[in-house]
Amino acid sequence: MDEAIRQRCLIVARYMVKHSCTVRQAAREFGISKSSVHKDMGERLPLIDPPLGRQVARLMRYNKSVRHLRGGEATRRRYQARKAH
């Protein structure tokens, strides 16, 4: 594995754990695609740093389990904004 990719995996993973952020937020922060973040966190990170990989996997499972709540909240805000105008 290329050293730059290896370092990117570790940096993004540490950022995600520290900030409890989503794949989308991490991708935006580092200027890479969501697909790259998913591949890095799901396939590469467990090979590079298994304990950190487990932490990120736990965070990603949690984010997936609550995404319907975030989506519902975003919809609620959007309709409230329309109502106010």
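The values are calculated or read from the model by the stated rules, or taken from the named source; none is laboratory data. Please read these numbers as outputs of a predicted model, since none were measured by experiment. Counting neighbours? That spans all protein chains shown, and the Cβs are built from the backbone with ideal geometry, glycine included.
Tell me whether the range 16-24 contains one or more residues that are out of contact with any strand residue (DSSP E or B) (no Cβ under 7 Å at 6 or more places or on another chain), among the small types (Gly, Ala, Ser) and in a helix (DSSP H, G or I). Taking every residue of the range 16-24 in turn, none turns out to be out of contact with any strand residue (DSSP E or B) (no Cβ under 7 Å at 6 or more places or on another chain), among the small types (Gly, Ala, Ser) and in a helix (DSSP H, G or I). Put simply, of Arg44, Arg76 the only residue that is touching a helix residue (DSSP H, G or I) at 6+ places or on another chain (Cβ under 7 Å) and either basic (Lys, Arg) or assigned to a loop (DSSP other than H, G, I, E, B) (or both) is Arg44. When the range 51-85 is filtered for residues that are loosely packed, with under 11 Cβ neighbours inside 10 Å and under 19 Å from Met1 (Cβ atoms), only Pro51 remains.
Only residues in the range 1-16 that are under 15 Å from Gly42 (Cβ atoms) and at pLDDT 95 or above count as the first member; pair them with residues that are in a loop (DSSP other than H, G, I, E, B) and not charged (D, E, K, R), Cβ under 9 angstrom, at least 6 apart or cross-chain, and list the lot. Taking only residues 6 or more apart or on different chains, the pairs are Arg8/Ile32; Cys9/Met1; Val12/Ile32; Met16/Thr22.
In the set Ile11, Ile32, only one residue is among the β-branched types (Val, Ile, Thr) and not in a helix (DSSP H, G or I); that residue is Ile32.
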